[in-house]
Amino acid sequence: MGYVSALRCRECAREYPVEPIYVCEFCFGPLEAVYDYERIKKALTREAIAKRPRNLWRYRELLPIEGEPQVGFDSGMSPLVRAERLAKILGVKELYIKDDTVMHPTLSFKDRVVSVALTRAKEFGFDTVACASTGNLAHSVSALGARAGLKRFVFIPASLEQSKIIASLVYGPNLIAVDGNYDDVNRLCSEIANKYRWAFVNINIRPYYAEGSKTLGFEILEQLGWKAPASVVIPCASGSLLTKIWKAFKESEKIGLIDKLDSKIYAAQATGCSPITTALKEGREVIRPVKPGTIAKSLAIGNPADGFYALLAIKESGGWGEDVPDEEIINAMKLLAGSEGIFAETAGGVTLAVTKKLIEQGKIDREGPIIVCVTGNGLKTQEALQGHTAPVHHIKPNLASFEDVLKNIGR
Amino acid sequence: MSVKVRIPTPLQRLTGGKEEVEAAPGKVMDIVNKLDEQFPGIGERISEGGKIRRFVNIYVNEEDIRFLQAEETEVKDGDEVSIVPAIAGGRDR
């Protein structure tokens, strides 16, 4: 039995039945699940949650499904790592990495949203699931879709890193490489979704799919002992993750899981694709689309679907945002790996580099707790570090050769 | 020859279920106005006060009109226009 009674347009508040639809027929605004918070408040308490399995379904009353979860039984509850060495380097007191690099099964936060999307897609009776993706989503739909026994169509920009392509193909989906960038792929998929009765997780299933991101927010609060952190830094592609983490915080306050919400939300983008932080810094309410050019391909969405709402969330929380060039992204990836032993994908480099910048600007309070959301694994984007890592020391298989090298290394 | 306009699902009720309709060449807003004569009501759904709505993206030959001349973009014979819900995208205004 679910807790969603309808879908509602975020713009004009018209209500719709719970179906695989995603835009308001009247104003084209996005549709969002309407929950019965009074009932949820009784069912979803700290005590109830504590007794449940350590996966993302422990917050299921606040997720838009009707019956039993279908996939994702090992997804969620990623580590919240206390980063003391990194805190010292950045000159802050209490710093944590929310580490989705180890998410089961495909090593990014997308397993959260896809678990919810596929469960809902099965409830709607779909036999084919599809997505437009920059990589991580493709992996998750391919893998969890296999587990759920669904046919899969995955659309990617043809320029995607080779390693990301292989990591989708292995699960046996129909992989379609489109000549164009993510925005082209997304536009094409909107048109395909018009024509074929498939569950496009980030199009016609989007109102359900996007809600899965809230689990990242709930987990942060629970892992801090049901306390709101001072600052949360979140990478932005479409802006959906940031919007939903903020929503999770507000819902947690509303149903009494936390006593007081006083968190500031910060957006992180790459300078080569920063439509959201640019609008923020220029004080505009509207997002000007851009043509992306950055090594952080998983964030390269020039026309961010939820950018408008991400701006609202940032402002409502009193937070801010920044963007960083590719060089700083690479340095931050190396900093995170070298100080905390966490290998993040380029997007994680963006988030940490922006955190550093905002701390230096005085925009993020040094006391903390500061949460840095690292949402994907670096093993997926190793090409980005080509030529940017320390050299390998080649030696002959004898002690003298080793000691020759050792002299130059210094200890 | 004329311009092909692809209609998204939420608007197909107004076009009698047609996914694709034809229009005469002209500026983007002229085409919207012409469509409205053919299919009454469609104009106000995708535009407001002579501007395309915030949650609607318009593409001419696969290019977002915000990278062209926005509502003033000229659409020629043989061009293709797509009307795509932005889901929640912002607009340059």
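General observations
- Here is the figure for the range A:49-98: residues that are among the hydroxyl-bearing types (Ser, Thr, Tyr) and assigned to a helix (DSSP H, G or I) total 1.
- Residues of the range A:270-285 satisfying the condition of being within 16 Å of the chain's Cα centre (by Cα) and away from every other protein chain (no Cβ under 14 Å): A:Ala270
- Listing of helices (runs of 4 or more DSSP H) fully contained in the range A:170-232 that carry 3 or more residues being at pLDDT below 95: A:182-195
- Within the range B:1-32, considering residues that are among the polar types (S, T, N, Q) and in a loop (DSSP other than H, G, I, E, B), the one farthest from the other protein chains (Cβ to nearest Cβ): B:Ser2
- Hits in the range A:139-183 - residues which are among the β-branched types (Val, Ile, Thr) and either in contact with an Asp or Glu (Cβ under 8 Å, 6 or more places away or on another chain) or surrounded by 19 or more Cβ atoms within 10 Å (Cβ to Cβ) (or both): A:Val141, A:Val154, A:Ile156, A:Val178
- Any pair with Cβ under 7 angstrom, 6 or more apart, that starts in the range A:168-194 at a residue that is at the interface with chain B (Cβ under 10 Å from one of its Cβ atoms) and ends at one that is in a helix (DSSP H, G or I): A:Asn194/B:Thr9
- Selection count where residues are part of a loop (DSSP other than H, G, I, E, B) and modelled with pLDDT of 90 or more, scope the range B:74-93: 4
- Filter result for A:Thr106 (buried (at least 20 other Cβ atoms within 10 Å of the Cβ), among the hydroxyl-bearing types (Ser, Thr, Tyr) and touching a strand residue (DSSP E or B) at 6+ places or on another chain (Cβ under 8 Å)): no
- Top-ranked residue in the range A:297-326 [being touching a strand residue (DSSP E or B) at 6+ places or on another chain (Cβ under 6 Å) and without any contact (Cβ under 8 Å) to a residue 60 or more places away in the chain; ranked as surrounded by the fewest Cβ atoms within 10 Å (Cβ to Cβ)]: A:Gly318
- Answer residue from the range B:41-73, given it is over 23 Å from A:Gly180 (Cβ atoms) and outside any helix (DSSP H, G or I) and is farthest from the other protein chains (Cβ to nearest Cβ) among those: B:Gly50
- A:Ile245 vs. criteria within 16 Å of the chain's Cα centre (by Cα), of a type outside the set (D, E, K, R) and closer than 24 Å to B:Tyr59 by Cα: no
- Test: A:Lys51 is more than 14 Å from chain B (Cβ to nearest Cβ), within 22 Å of the chain's Cα centre (by Cα) and on the phi < 0 side of the Ramachandran plot: no
- Filtering the range A:119-143 to residues that are in a helix (DSSP H, G or I), of a type in the set (A, V, I, L, M, F, W, C) and in contact with a strand residue (DSSP E or B) (Cβ under 6 Å, 6 or more places away or on another chain) leaves A:Ala121, A:Leu137, A:Ala138, A:Val141.
Residue by residue, here is whether (1) within 14 Å of chain B (Cβ to nearest Cβ); (2) in a loop (DSSP other than H, G, I, E, B); (3) under 16 Å from the mean Cα position of the chain (by Cα) holds:
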residue: A:Ile287; (1), (2), (3): yes, yes, no
residue: A:Asn303; (1), (2), (3): yes, yes, no
residue: A:Leu312; (1), (2), (3): yes, no, no
residue: A:Asp323; (1), (2), (3): no, no, no
residue: A:Glu328; (1), (2), (3): no, no, no
residue: A:Leu335; (1), (2), (3): no, no, no
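- Inspection of the range A:375-384 identifies at least one residue that is at pLDDT 95 or above and assigned to a helix (DSSP H, G or I).
- Of all residues making up the range A:144-169, the number that are outside any loop (DSSP other than H, G, I, E, B) and among the hydroxyl-bearing types (Ser, Thr, Tyr): 2
- Residue check for A:Ile265: in contact (Cβ under 8 Å) with a residue 24 or more places away in the chain, part of a helix (DSSP H, G or I) and among the hydrophobic types (A, V, I, L, M, F, W, C): no
The values are calculated or read from the model by the stated rules, or taken from the named source; none is laboratory data. These numbers were taken from a predicted model, which means no experiment stands behind them. Glycine gets a Cβ as well: all are built from the backbone with ideal geometry, and neighbour counts include every protein chain shown.
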